[in-house]
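Asks: My questions all concern the structure below.
The values are calculated or read from the model by the stated rules, or taken from the named source; none is laboratory data. Predicted model, so just to flag it, every value in this text is computed and none were measured. For neighbour counting, all protein chains shown are included, and Cβ atoms are generated from backbone atoms with ideal geometry for every residue, glycine included. Just the protein is used for accessible areas: all its heavy atoms, side chains included, with ligands, DNA and RNA removed. Shrake-Rupley method; radii C 1.70, N 1.55, O 1.52, S 1.80 Å.
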Amino acid sequence: MDRTGGSGGGSDRRQPEESKPLLGEMSAPEGNKMGAAPCRRALLHCNGMRYKLLQEGDIQVCVIRHPRTFLSKILTSKFLRRWEPHHLTLADNSVASATPTGYMENSISYSAIEDVQLLSWENAPKYCLQLTIPGGTVLLQAANSYLRDQWFHSLQWKKKIYKYKKVLSNPSRWEVVLKEIRTLVDMALTSPLQDDSIHQAPLEIVSKLLSENNNLTTQDHESIIVAIAPLLENNHPPPDLCEFFCKHCRERPRSMVVIEVFTPVVQRILKHNMDFGKCPRLRLFTQEYILSLNELNAGMEVVKKFIHSMHGPTGQCPHPRVLPNLVAVCLAAIYSCYEEFINSRDNSPSLKEIRNGCQQQCDRKPNLPLRLLHTSPDLVSQEATLTESRLKPVIVTSNEIHVEVERNNTANQKMTAGVGNDSEPNLIDCLMVSPTCSTISIELSPQADRILGCYVEILKMLSDYDDWRPALASLLQPIPFPKEALAHEKFTKELKYVIQRFAEDPRQEVHSCLLSVRAGKDGWFQLYSPGGVACDDDGELFASMVHILMGSCYKTKKFLLSLAENKLGPCMLLALRGNQTMVEILCLMLEYNIIDNNDTQLQIISTLESTDVGKRMYEQLCERQRELKELQRKGGPTRLTLPSKSTDADLARLLSSGSFGNLENLSLAFTNVTSACAEHLIKLPSLKQLNLWSTQFGDAGLRLLSEHLTMLQVLNLCETPVTDAGLLALSSMKSLCSLNMNSTKLSADTYEDLKAKLPNLKEVDVRYTEAW
């Protein structure tokens, strides 16, 4: 809209650009008519431009007061008008200057701004805004048209948000409030401003409105949710709004709003949320949403479809945050089921106090004397090692609690109760001595039971996806469940499916998570093995776990030694019943001289000879031992070099064709052997020098060599694919005096560690490595 003034003799002929004044004189108190120079009020139309919401910035300011006298008219003329530079801040309530002087001595409240308009003059490079206020006009001049438009949209947005905050802070009629909310949402959706706060500000206004008005009807709930739904497509709901959504899910789980509106919101949360710790109500809302899906007629089928929609139709989920977020929701929900039992132990003595007998009476509520027994005695160990096993009661006494724990000496499961033992008990010990877990039958309420069933089923679903299983196993490796859950038979029975899926997966990154995350901590392997608190079978799952672990890099003396110390009884019993994996375990224990006690060795031999498969494998073991002794007796060459491109099979045939008991120097350089040949190399008792230059020998082979060839003196690993994981195992080979790690993936830290642990090492080649 063009506005013309009266100066220039009323001529309609346009003035040249350089002679046009910026603004004419104000001719009316209303301040809407501009004087002298022809100017045009720009019309706002969508031109596709996007702007960031301004919070502050530098701009030129000029204030024109409405003339009421002849003198004031002269003072406001274009000849006496001046511009002041200011750094303006767009606060929540007003426009203020960083230097409150001159025109901007006082801030301008948004409620005082009657109108905000764009101004432009033909053929004049001036980019201005007009703010109409009572008694005058404030002009803002930007450096260019884009900056002017940015200030314009930012001021309009701040002014309207301020207005809606005022209007919705005191609602009178809800139909009017709903209309205002819809208008507010439309304004946010159509705004050319592109900023996170554009959609968050309306959500926060609605969130505050709902938190202050708890007497809304269900229909009002759904109307408001539907009204703000478009804003939730690309934004997380604020905490108060999450609580409102949770309430709706609990009260009306079968509402169509849950499916139609909440589903995309929860999907976005699971795909994009980085940390539920910063906004736990997002997690709670997701938890309540999934429970509401479970309340539908189809129940878990609907939940299963939702989980599948989050994973996607392909074999690889494209959203890496979905699984961690789902697991976090499941863990929180499962914890909430046992929260009553967890809180009930707040005034009970701690585990350390029970074990050390240092409970303070004044700080504790009186407890009845309790007699605790191990929930599942190790009957397997009693049956298999009857001649050596003896049950001894250990009495742990405090002022009010008497705890009796049965232990098995053969399995070396000792519980110390001496004063001064500051070490924290492991998980199984906690379950054995905790009154809350061991003596009180855990019976959940119907609601908690439904929650538990739903989220354990979700964990089962997650374990069925091949691409999710490695990450899921890693997340569950440090056991994240409370002791009360692990003492609850229903929970461990349902969770057994997930552990079975881990035990069936051939990938090492999955089944290795069955073991504890570090020494002194119990893992799923311990909990679900015979005698463990979660074991409810005759050792089938235990045998499956041992089988998969023995098939990977855990086929080492260390793993066999741990089985011999802690699970020898179950291994012997399962071997007695014909389990081939356990028969193989017992044979390896004999072959690697794991068992020192002669009586135990004889008992293992008797166990092996009691079944056909055991007898056959024991005979094969004896044959190998005879061949080894014959090999050592006959001697053979002291040096041997395999032709290039030889394979593992070629090496096996060669070593089985003659006597190599005296072999001291073996060169496999430039052959195609891999870590699999380590099984044959460890049977060379006199080997002192081994050359593996430019082979495919890897970390698994190095770990096996380090346990058996402790007398090796010279080792060449140049240009092999070994890494720090395998090289660290060499620290047990104290006889090494020459080591070539040229062109390997050796790190500087590992190199320093090896130098410190190998005192006889004199020649080392680390060229073309990180340690070089």
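Asks: Using a 1.4 Å probe and ignoring any ligands, DNA or RNA, find the accessible area of Thr647 and quote it in Å² to the nearest 10.
Replies: Roll a 1.4 Å probe over it and Thr647 shows about 50 Å².
Asks: Whose amide H sits under 5 Å from the amide H of Tyr51, counting only residues 5 or more places off or on another chain, with H placed in the peptide plane?
Replies: Leu193, Gln194
Asks: With 17 Å as the cut-off, how large is the P(r) tail for the range 646-742, expressed as percent of Cα-Cα pairs? Could the numbers behind the result be given before it?
Replies: Working: 2050 of 4656 pairs.
When every Cα pair of the range 646-742 is considered, 44 percent fall beyond 17 Å.
Asks: Suppose every K and R has +1 on its Cβ and every D and E has -1 on its Cβ; what is the size of the dipole of the range 151-201 about the Cα centre, in Debye to the nearest 20?
Replies: Details: 9 positive and 5 negative charges, 61 e Å.
In total the dipole reaches around 300 debye.
Asks: What is the magnitude of the charge dipole of the range 499-566 about its Cα centre, with +1 placed on the Cβ of each Lys and Arg, -1 on the Cβ of each Asp and Glu, and no other charges, expressed in debye to the nearest 20? Don't skip to the end; give the middle numbers.
Replies: Details: 7 positive and 9 negative charges, 97 e Å.
The dipole magnitude comes to about 460 debye.
Asks: Sticking with this structure for a sec: Grab the beta carbon distance between Lys757 and Thr641, set R0 = 45 Å, and tell me the FRET efficiency rounded to 0.05. Walk me through the intermediate numbers first.
Replies: On the way: r = 31 Å, r/R0 = 0.68.
For Lys757 and Thr641, the calculated efficiency is 0.90.
Asks: Let me ask you something else. With θ taken as phi - 60° and the coefficients 6.51, -1.76 and 1.60, list the Karplus ³J(HN,Hα) couplings across the range 287-292 in order, rounded to whole Hz; mark glycine and proline as x.
Replies: 5, 5, 4, 5, 5, 5
Asks: Per the Debye formula with a single identical scatterer at each Cα and no solvent contribution, what log10 I(q)/I(0) holds for the range 491-585 at q = 0.20 Å⁻¹?
Replies: Rounded to two decimals, the profile gives -1.00.
Asks: Enumerate the amide H contacts of Thr641 below 5 Å, restricted to partners 5 or more residues apart or on another chain; note that Pro and chain-start residues carry no placed amide H.
Replies: Ser667
Asks: Could you pull out the pairs from Lys158/Lys179; Lys271/Lys496; Lys160/Lys247 whose alpha carbons sit more than 23 Å apart here? Mind dumping the intermediate values first?
Replies: Working: Lys158/Lys179 20 Å; Lys271/Lys496 28 Å; Lys160/Lys247 30 Å.
With Cα atoms farther than 23 Å apart: Lys271/Lys496; Lys160/Lys247.
Asks: Got a sec to turn the phi values of the range 267-275 into Karplus ³J(HN,Hα) couplings, 6.51 cos²θ - 1.76 cosθ + 1.60 with θ = phi - 60°, whole Hz, x for Gly and Pro?
Replies: 4, 5, 4, 5, 7, 10, 5, 9, 7
Asks: Taking amide H atoms as placed 1.01 Å from N in the peptide plane, list the residues 5 or more away in sequence, or in a different chain, whose amide H sits under 5 Å from that of Ser94.
Replies: Placed amide hydrogens put Tyr110 under 5 Å from Ser94.
Asks: Per residue, how much accessible area does the range 99-228 show when a 1.4 Å probe rolls over the protein heavy atoms, in square angstrom? Intermediate values should be presented prior to the final figure.
Replies: Numbers: 5950 Å² over 130 residues.
Accessible area per residue: 46 Å².
Asks: Here's another thing I want to ask about it. If the limit is 19 Å between Cα atoms, which of Lys558/Lys688; Lys166/Lys208; Lys163/Lys208; Lys52/Lys278 go over it?
Replies: Lys558/Lys688; Lys52/Lys278
Asks: Next up: Between rounded, prolate and oblate, where does the range 122-166 land on the alpha carbon gyration tensor, with a ≥ b ≥ c its root eigenvalues, rounded for a/c under 1.5, else prolate if a/b exceeds b/c? Could the numbers behind the result be given before it?
Replies: Details: a/c = 3.95, a/b = 1.61, b/c = 2.45.
In terms of gyration-tensor shape, oblate.
Asks: Explain nothing, just compute: Karplus ³J(HN,Hα) = 6.51 cos²θ - 1.76 cosθ + 1.60, θ = phi - 60°, for every residue of the range 241-255 in order, whole Hz, x for Gly and Pro.
Replies: 5, 4, 5, 5, 5, 4, 4, 5, 5, 6, 7, 9, x, 8, 5
Asks: Related question: Might you tell me the accessible area per residue for the range 693-768, computed with a 1.4 Å probe and given in Å²?
Replies: Details: 3300 Å² over 76 residues.
The answer is 43 Å² per residue.
Asks: Say each of Asp599 and Asp536 gets a label point 7 Å from the Cα, pointing the same way as Cα to Cβ; how far apart are those two points in nm?
Replies: Those two pseudo-labels are separated by 3.7 nm.
Asks: Using the C-alpha gyration tensor of the range 680-720, what are the square roots of 5 times its eigenvalues, in whole angstrom, with the largest one first? Don't skip to the end; give the middle numbers.
Replies: Details: eigenvalues 54, 27, 13 Å².
For the range 680-720, the ellipsoid semi-axes come out as 16, 12, 8 Å.
Asks: Under the rule a/c < 1.5 gives rounded, and otherwise a/b versus b/c splits prolate from oblate, where does the range 89-204 land using the Cα gyration tensor?
Replies: Values: a/c = 2.13, a/b = 1.58, b/c = 1.35.
Here the range 89-204 falls in the prolate category.
Asks: Suppose every Lys and Arg Cβ carries +1 and every Asp and Glu Cβ carries -1, with no other charges. What dipole size does the range 141-297 come out with about its Cα centre, to the nearest 20 debye? Write down the numbers at each step before the final one.
Replies: Details: 20 positive and 18 negative charges, 78 e Å.
Roughly 380 debye for the range 141-297.
Asks: Students often check this: by mean Cβ neighbours within 10 Å, which of 613-620, 695-702 ranks highest, and how do the rest follow?
Replies: Details: 613-620: 15.8, 695-702: 22.2.
Packing order, densest peptide first, comes out as 695-702, 613-620.
Asks: Going highest first, how would you order 676-686, 53-63 by mean Cβ packing within 10 Å? Don't jump to the answer; show the numbers that get you there.
Replies: Numbers: 676-686: 18.9, 53-63: 16.9.
Sorting 676-686, 53-63 by mean packing, highest first, produces 676-686, 53-63.
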